[in-house]
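What follows is a single structure, written as structure tokens, with notes after it.
The values are calculated or read from the model by the stated rules, or taken from the named source; none is laboratory data. These numbers were taken from a predicted model, which means no experiment stands behind them. Cβ coordinates were reconstructed from backbone atoms using ideal geometry, including for glycine residues, and neighbour counts include every protein chain displayed. Side chains are part of the model used for accessible areas, which takes the heavy atoms of the whole protein and leaves out ligands, DNA and RNA. Shrake-Rupley method; radii C 1.70, N 1.55, O 1.52, S 1.80 Å.
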Amino acid sequence: MPASLLKLGVNIDHVATLREARYRDRAHGEPDPVAAALACEAAGAHGITAHLREDRRHILDRDVVALRRSIRTRLNLEMALAPEIVEIAVGVKPDIVCLVPERRQEVTTEGGLDVVAQFEAVASVCARMRVAGIEVSLFIAPDLAQIEAAGRTGAQFIELHTGAYAERVQEGAGVEQELQRLAAGAALARSVGLRVNAGHGLTVSNLPALLAKVPHMEELNIGHSLVSRAVFVGLPQSVKEFLEVMRDYRLGPSSS
Ligand code: PXP
């Protein structure tokens, strides 16, 4: 089986959160999320993820435009199903968009996008992105009904929501069960033709068990823990620490 590289997408939202804490409504401010993205790329990150929220609480429109112009790896734009943001995405042309829930009614009980309840809306955004040449990923919980529905939307990827797994690790209970749910979700996704990413709540300490148990993952999107660690060691070192943990992951037999 050939070695398949597990990619790291760095979510830079929290760099913008820090800027907005001081420079809200100003044209400039520090730290600059674009400079952070470039530092992550230089350290080996395979992509940059940013969430343009409807309330613009961290990443701003100008950040997305500047990221598109500046970065050399892939730009993954996280976004809600909101028409305004869909138009921005089509204009900016990220490599991929990840559709995420922002409003209560878009969220499943487990925190991912409710693809079952919003099938038509999700499929219509997928169709729009396809015409624009932008790939689509759906951020969903490892719920088999959601994954089965995702397979019919026209999306190319799902991003498995690992937030519940991270919570179970912190609580010290139910970890194995959650890993099994993620593994089953990844397998189902592959069987319905979806490619698999994962993210939310991942840390250098909870990653090894996830990597040991969950097959088929192509990219991990990591933000909070990576940026938190960077406060002490800097972004390049923090990126390298995550890459080191991810280094030996293999996609699994059915992906070779
Ligand atoms: N993936 C998605 C879809 C997210 O919304 C987030 C959080 O913004 C992440 C990954 C990264 O999560 P964390 O910041 O907990 O690493």
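A few comments on the model shown:
- Applied to the stretch 233-241, the Karplus parametrisation 6.51 cos²θ - 1.76 cosθ + 1.60 on θ = phi - 60° returns per-residue 3J(HN,Hα) values of 10, x, 4, x, 5, 5, 4, 5, 5 Hz, with x for Gly and Pro.
- Toward the positive end of the charge dipole of the stretch 111-172, with +1 on the Cβ of Lys and Arg and -1 on the Cβ of Asp and Glu, the farthest Cα among ALA141, ALA164, VAL116 is that of VAL116.
- Sum of side-chain charges, ALA209 neighbourhood, beta-carbon under 11 Å (Lys, Arg +1; Asp, Glu -1): 0
- Hz values of 3J(HN,Hα) by residue in the stretch 16-33 - Karplus curve (6.51, -1.76, 1.60), Gly and Pro given as x: 5, 4, 5, 4, 5, 4, 10, 10, 3, 6, 10, 6, 9, x, 10, x, 8, x
- Accessible-area rank, largest first, for HIS224, HIS28, HIS46, HIS161: HIS28, HIS224, HIS46, HIS161, with all protein chains present and a 1.4 angstrom probe.
- Distances between placed amide hydrogens fall under 5 Å for PHE139 paired with LEU99, LEU113, GLU159, all partners being 5 or more residues away or on another chain.
- In order along the stretch 184-200, the phi-based Karplus estimate (6.51 cos²θ - 1.76 cosθ + 1.60, θ = phi - 60°) of 3J(HN,Hα) comes to 5, x, 5, 5, 5, 4, 4, 6, 9, x, 9, 8, 10, 10, 8, x, 3 Hz; Gly and Pro are listed as x.
- Extending 7 Å from Cα along the Cβ direction at HIS28 and again at LEU5 yields two label points whose distance is 3.5 nm.
- Partner lysines whose Cα lies under 21 Å from the Cα of LYS240, excluding those fewer than 8 positions away in the same chain, are identified as LYS7.
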